[in-house]
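Note sheet for the following structure.
The values are calculated or read from the model by the stated rules, or taken from the named source; none is laboratory data. Predicted model only: the values in this text are computed from it and were never measured. Virtual Cβ from ideal backbone geometry, glycine too; neighbours counted across all protein chains shown. To get the accessible areas, we keep the full protein, side chains included, count just its heavy atoms, and leave off ligands, DNA and RNA. Shrake-Rupley method; radii C 1.70, N 1.55, O 1.52, S 1.80 Å.
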Amino acid sequence: MAGSVFDSPMYARLFPATEVGRLFTDSAEIRAMILVEGALAKAQGALGVIPETSAAAISRAAMEIQIDPGQLADPTGQNGVCVPGLVAAFRTEMQAPEHAQYLHWGATSQDIIDTGLMLRLRQALAQMENGLRGVIAPLAALAETHADLPMPARTFGQHATPTSFGAVTAAWGMPLINLMRELPALRADCLLVSLSGAAGTASALGPLAAETRARLAADLRLGDPGRSWHTDRTPILRIADWMTRTALALGKIGEDATAMVQTGIAELDLGGAGSSSTMPQKQNPVAPSVLVALARHTAGQTATLNGAAMPRHQRDGAAWFTEWMCLPQIVLGAGSALQVAGALCAAMAPKPDAMNAAFTGGLDMIHAEALSFALTAHMPRPEAQAAVKSACREALESGTPLARIAAQRWPDLDTATLFAPAAQMGQAPAEARAFAALARELAPA
């Protein structure tokens, strides 16, 4: 097995990393850091911090040179960070020492690594926003189409009261809409440039340090934090938390879908796939299981990431290295989950007959709550509950449907309505349609 399922050709279709995966390769990281170095030189040249001709040469070289990741292996192993080797390779490739001496002027490794990371996280968030749309749209279609399709709700794994399949899909989709709503603020607050120098004081950047940082932020279209955030990992943590909550929301879909295709229930058609190597009758819930696994994996990595957010003093190698190991897994986990969920939600369909069987095959017990509330028009609530419990015991002992017993005991009740699933769904249909309308507004297909 590969060290990561996201890097495995064999598991590439089970845990697809796709476009997000391309952002978390050595080559992508190097390219982002080179762009940061070029933008830094350009900003410093414009402000007169370094010679403008040297700034132009560095900026131009940043668009042209290519650095092999393998070339940085030895210096990274020796230094603990890749930037010293990157800067040395950049200067060599420039073949213009009179200009190359101004490369990386006043910056530190963390400035370049963190700012390059933000460029990649910005792209990842854009791709995930598209992924959210790709999940929300089919969920909205299911919610609208099946807003009035009764099915049993379940609490503690047991039948509770009637709901609708449209409301179930709306409950899956609303957290995703809320995640989309968070994106503007997340981008504004957390996609930040870093330029604070060796100890976060920007001392080597000179009197124009703040102006240089602001200029760099503007050129890269990142936020200017107005301070050093070397040891404040809040921007990283908030982005990781958003991605983790995305994976968890999709994992909830996976958990419910897995339960809804269990033997003896099979209320959901997953659209094929999931064959067994030895049992011809089986259709395993592969995609839902992937969503659950990715949610667990992402949540676990986030716990470790949170534990590393206490760096010692002005820089902490162990905390930083831990972040490097965890964060890509979180991003890839969320990105993979979005692709899997999009395909799953587009393929799934309810099985109305199986859903209806819960109402016709359970002696009408699913309507016990509605019956007890109807009886409060004739007796106090505790007495109504006790009377319905007695009727339920009679139904179980005699095998007589609760509706028939209720009609005999309380002939004045409208049992036809009380025991009609479509009449007992409460706000479920309205919630399904409200979600579908909101989805069309916020995430049009």
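Report, ordered by the first and then the second residue, all pairs with beta carbons closer than 7 Å, sequence separation of six or more or different chains, a first member in the range 192-216 that is at negative phi, and a second member that is β-branched (Val, Ile, Thr) and open to solvent by less than 10 Å² (accessible area, probe 1.4 Å).
193/115; 194/115; 195/212; 205/212; 213/193; 216/193
Does residue 65 fit the bill of being of a type in the set (Val, Ile, Thr) and either in contact (Cβ under 8 Å) with a residue 40 or more places away in the chain or closer than 23 Å to residue 314 by Cβ (or both)? Break it down stepwise before answering.
On the way: of a type in the set (Val, Ile, Thr): yes; either in contact (Cβ under 8 Å) with a residue 40 or more places away in the chain or closer than 23 Å to residue 314 by Cβ (or both): no.
Against the criterion (of a type in the set (Val, Ile, Thr) and either in contact (Cβ under 8 Å) with a residue 40 or more places away in the chain or closer than 23 Å to residue 314 by Cβ (or both)), residue 65 does not qualify.
For a quick check of your reading of the model, give me the residue pairs whose first member lies in the range 6-29 and is over 21 Å from residue 70 (Cα atoms) and part of a loop (DSSP other than H, G, I, E, B), whose second is β-branched (Val, Ile, Thr) and open to solvent by 20 Å² or more (accessible area, probe 1.4 Å), with beta-carbon atoms closer than 6 Å and at least 6 apart or on different chains.
Filtered contacts from the range 6-29: 11/5; 15/5.
If you scan the range 22-79, which residues turn out to be polar (S, T, N, Q) and open to solvent by less than 20 Å² (accessible area, probe 1.4 Å)? Let's see the steps before the verdict.
Here is the first cut: in the range 22-79, the residues polar (S, T, N, Q) are 25, 27, 44, 53-54, 59, 66, 71, 76, 78-79.
Answer for the range 22-79, where residues must be polar (S, T, N, Q) and open to solvent by less than 20 Å² (accessible area, probe 1.4 Å): 44, 54.
Of everything in the range 360-393, what is open to solvent by 70 Å² or more (accessible area, probe 1.4 Å) and either part of a helix (DSSP H, G or I) or small (Gly, Ala, Ser) (or both)? Give them in sequence order.
360, 369, 373, 377, 381, 382, 383, 385, 389, 393
Anything in the range 267-285 that is farther than 26 Å from residue 153 by Cβ and either at pLDDT 90 or above or charged (D, E, K, R) (or both)? List them, or say none.
Matches in the range 267-285: 282 only.
Is it the case, given these coordinates, that residue 160 is surrounded by fewer than 17 Cβ atoms within 10 Å (Cβ to Cβ), assigned to a strand (DSSP E or B) and either in contact (Cβ under 8 Å) with a residue 60 or more places away in the chain or not aliphatic (A, V, I, L, M) (or both)? Lay out the reasoning, then the answer.
Values: surrounded by fewer than 17 Cβ atoms within 10 Å (Cβ to Cβ): yes; assigned to a strand (DSSP E or B): yes; either in contact (Cβ under 8 Å) with a residue 60 or more places away in the chain or not aliphatic (A, V, I, L, M) (or both): yes.
It is true that residue 160 is surrounded by fewer than 17 Cβ atoms within 10 Å (Cβ to Cβ), assigned to a strand (DSSP E or B) and either in contact (Cβ under 8 Å) with a residue 60 or more places away in the chain or not aliphatic (A, V, I, L, M) (or both).
Can you find a residue in the range 248-257 that is more than 30 Å from residue 292 (Cβ to Cβ), touching a residue at least 40 places away in the same chain (Cβ under 8 Å) and in contact with a helix residue (DSSP H, G or I) (Cβ under 7 Å, 6 or more places away or on another chain)?
No.
May I ask you to list the residues in the range 212-230 that are surrounded by 16 or more Cβ atoms within 10 Å (Cβ to Cβ), part of a loop (DSSP other than H, G, I, E, B) and among the small types (Gly, Ala, Ser)?
The one that is surrounded by 16 or more Cβ atoms within 10 Å (Cβ to Cβ), part of a loop (DSSP other than H, G, I, E, B) and among the small types (Gly, Ala, Ser): 228.
What number of residues within the range 389-426 are of a type in the set (Val, Ile, Thr) and touching an Asp or Glu at 6+ places or on another chain (Cβ under 8 Å)?
First pass over the range 389-426, keeping only residues of a type in the set (Val, Ile, Thr): 400, 405, 415, 417.
If we keep only those that are touching an Asp or Glu at 6+ places or on another chain (Cβ under 8 Å) as well, we get 400, 405.
Residues that pass the stated criteria total 2.
If we scan the range 318-337, do we find a residue that is small (Gly, Ala, Ser), under 27 Å from residue 154 (Cα atoms), under 23 Å from the mean Cα position of the chain (by Cα) and open to solvent by less than 50 Å² (accessible area, probe 1.4 Å)?
Pass one, the range 318-337, residues small (Gly, Ala, Ser): 318-319, 333-337.
Next cut, under 27 Å from residue 154 (Cα atoms) only: 337.
If we keep only those that are under 23 Å from the mean Cα position of the chain (by Cα) too, we end up with 337.
So of that shortlist, the ones also open to solvent by less than 50 Å² (accessible area, probe 1.4 Å) come out as 337.
Within the range 318-337, one or more residues are small (Gly, Ala, Ser), under 27 Å from residue 154 (Cα atoms), under 23 Å from the mean Cα position of the chain (by Cα) and open to solvent by less than 50 Å² (accessible area, probe 1.4 Å).
Tell me, yes or no, whether the range 231-240 has at least one residue that is under 30 Å from residue 355 (Cα atoms), in a helix (DSSP H, G or I) and at pLDDT 95 or above.
Just the residues of the range 231-240 that are under 30 Å from residue 355 (Cα atoms), to begin with: none.
No; the residues of the range 231-240 include none that is under 30 Å from residue 355 (Cα atoms), in a helix (DSSP H, G or I) and at pLDDT 95 or above.
Under the condition of being open to solvent by 20 Å² or more (accessible area, probe 1.4 Å) and either aromatic (Phe, Trp, Tyr) or part of a helix (DSSP H, G or I) (or both), which residue from the range 143-157 is farthest from residue 29 (Cα to Cα)? Spell out how you get there, then give the answer.
Step one: list which residues in the range 143-157 are open to solvent by 20 Å² or more (accessible area, probe 1.4 Å), which gives 144-146, 148-150, 153-157.
Next, from what is left, pick out any that are either aromatic (Phe, Trp, Tyr) or part of a helix (DSSP H, G or I) (or both): 144-145, 156.
Working: 144: 43, 145: 44, 156: 46 Å.
Restricting to residues being open to solvent by 20 Å² or more (accessible area, probe 1.4 Å) and either aromatic (Phe, Trp, Tyr) or part of a helix (DSSP H, G or I) (or both), the top hit is 156.
Being farther than 18 Å from residue 83 by Cβ and surrounded by 17 or more Cβ atoms within 10 Å (Cβ to Cβ) is the filter here, so list the residues in the range 193-211 that pass it. Write out each step before concluding.
First, pick out the residues of the range 193-211 that are farther than 18 Å from residue 83 by Cβ: 201, 203, 206-211.
Of everything in the range 193-211, those that are farther than 18 Å from residue 83 by Cβ and surrounded by 17 or more Cβ atoms within 10 Å (Cβ to Cβ) turn out to be 208, 209.
Write out, first by first residue and then by second, each pair whose Cβ atoms fall under 6 Å of each other, whose residues are 6+ apart or on separate chains, and whose first residue, in the range 421-436, is within 17 Å of residue 142 (Cα to Cα) and at pLDDT 90 or above while the second is part of a loop (DSSP other than H, G, I, E, B) and open to solvent by less than 60 Å² (accessible area, probe 1.4 Å).
Listed pairs, sorted by first residue: 429/147; 432/147; 433/147.
List every residue pair whose Cβ atoms sit under 7 Å apart, with the two residues 6 or more apart in sequence or on different chains, where the first one lies in the range 33-45 and is touching a residue at least 40 places away in the same chain (Cβ under 8 Å) and the second, anywhere, is among the aromatic types (Phe, Trp, Tyr) and not in a helix (DSSP H, G or I).
Pairs that qualify, where the first residue is touching a residue at least 40 places away in the same chain (Cβ under 8 Å) and the partner is among the aromatic types (Phe, Trp, Tyr) and not in a helix (DSSP H, G or I), are 41/102; 44/105.
Please indicate, with yes or no, whether at least one residue in the range 397-407 is under 46 Å from the mean Cα position of the chain (by Cα), part of a helix (DSSP H, G or I) and modelled with pLDDT of 90 or more. Don't jump to the end; show me each part of the working.
First, pick out the residues of the range 397-407 that are under 46 Å from the mean Cα position of the chain (by Cα): 401-403.
Of the ones still in play, those that are also part of a helix (DSSP H, G or I) are 402-403.
In the following step, the residues that additionally are modelled with pLDDT of 90 or more were identified as none.
No: zero hits.
Looking at (1) open to solvent by 50 Å² or more (accessible area, probe 1.4 Å); (2) part of a helix (DSSP H, G or I); (3) at pLDDT 95 or above, which is the only condition residue 105 fails?
(2)
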